[in-house]
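Structure, as structure tokens:
The values are calculated or read from the model by the stated rules, or taken from the named source; none is laboratory data. Keep in mind the model is a prediction, meaning the values are calculated, not measured. Cβ placement follows ideal geometry from the backbone for every residue including glycine, while neighbour counts extend to all protein chains displayed.
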Amino acid sequence: MNPRCTLIGLVLGLGASLALAEQHDRVILEGGQTLEGHILLQTSSRVVIDLGYTVLSVPRTEVRQIERPDPKEGIAETQVSGERVTDDLYRVADLPERPVRQHSERWGEGVVMVKSPGGLGSGFVIHPDGYLITNFHVVENETQITVSIFVKEAGAFRRHKIEEVRIVAVNPFLDLALLKFDPPAGLELTTLYLAEDRPVNEGDSVFAIGNPLGLERTVSEGIVSEKNRAEQGLTYVQTTTQINPGNSGGPLFNSRGEVIGVTNMGYLFAEGLNFAIPVRYVIDFLKNRDAYAYDQDNPNSGYQYLDPPERQDLSPPTFLLPGATPEAPAGRSGTSAS
């Protein structure tokens, strides 16, 4: 028998009888078991917890989440290592590297389906109050929008359909939209973390979760082919991760389960050529969301840069003709006062 499994089983069996204090840390394992004690150390690979009679080192890959007491209010607050909540509706954290299977189980509930009369796409929750990110083209010219969230109950995912969804901000140029819905009573949303300062490199493993062609919660995996692919004045993360119609607006994750981009396009007749909007554009969009605030009387509100008008007179300007004398600026003489 595995000695580590024996030790964890012994700890779980005796944990209820060892009340260390009114306030204690809780480590919830991937299998659903709970360890209660005092966390001594957290690293990217291990969590060390004092159980009162022994100290246990738990691999990060076995930890689902950590709950620590709030010293001010005396109530437990769900945390992950290095979590930071910003004033711009998104969160960052120092998440450990894990296999795609574990990440999809842990963060899959944070990916939603976005529907309108014109079609469907994907999105992901960035704030527990019901804020989510998707592509602008998923909701373009639409006002009747629904969101389906998927919650794991008794080992299976159950769909919750939200009928009232509000468009908060849009940026057609970046192809981003910020939506808001009210979470169902008693339901705690799974919030995804953005990779604010995490570098992206060619060859990095990445994966996506979305709803291609309406196939709910589809997971696809690949690598970063090019981290800065220029296209129409913007740069994209090029990836071999399959992106199909319906994936638009969903998250592209790194190996830590952090969002590094928003999937938005792929070539139908070329395998392995898929693209995502870099997360730095998402963060800039959220920080300046007031500038992109949506106006229901103008479905295309937000900044949109139009093409300049064409020249009517195609002949060269007179000051460029041979022998022409450059004109002095208006209000100035042609000589200098030396």
Taking the condition free of Cβ contacts under 8 Å to residues at least 40 places away in the same chain and within 16 Å of GLU258 (Cβ to Cβ), does PRO117 pass?
-> no
Those residues that are at pLDDT 95 or above, in contact with a helix residue (DSSP H, G or I) (Cβ under 7 Å, 6 or more places away or on another chain) and closer than 13 Å to SER220 by Cβ, I need them from the range 242-295; list them, please.
-> PHE253
When every residue in the range 133-177 that is touching a Phe, Trp or Tyr at 6+ places or on another chain (Cβ under 9 Å) and basic (Lys, Arg) is compared, the one surrounded by the most Cβ atoms within 10 Å (Cβ to Cβ) is ARG166
Of residues in the range 52-63 being touching a strand residue (DSSP E or B) at 6+ places or on another chain (Cβ under 9 Å) and modelled with pLDDT under 85, the one farthest from LEU95 (Cα to Cα) = GLY52
Do we have PHE207 as modelled with pLDDT under 90, in contact with a Phe, Trp or Tyr (Cβ under 6 Å, 6 or more places away or on another chain) and either under 20 Å from GLU109 (Cα atoms) or hydrophobic (A, V, I, L, M, F, W, C) (or both) here?
-> no
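Among the candidates VAL139, VAL151, VAL147, VAL100, single out the residue that is within 17 Å of the chain's Cα centre (by Cα), touching a residue at least 40 places away in the same chain (Cβ under 8 Å) and assigned by TED's automatic domain parsing to the domain that holds GLY249.
That would be VAL100, the only listed residue that is within 17 Å of the chain's Cα centre (by Cα), touching a residue at least 40 places away in the same chain (Cβ under 8 Å) and assigned by TED's automatic domain parsing to the domain that holds GLY249.
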Kindly indicate the residue of the range 27-51 that is part of a strand (DSSP E or B) and in contact with an Asp or Glu (Cβ under 6 Å, 6 or more places away or on another chain) and also modelled with the lowest pLDDT among those meeting that condition.
-> LEU40
Condition met for VAL206 (farther than 25 Å from GLU142 by Cβ, touching a residue at least 24 places away in the same chain (Cβ under 8 Å), surrounded by 15 or more Cβ atoms within 10 Å (Cβ to Cβ) and touching a helix residue (DSSP H, G or I) at 6+ places or on another chain (Cβ under 8 Å)) | no
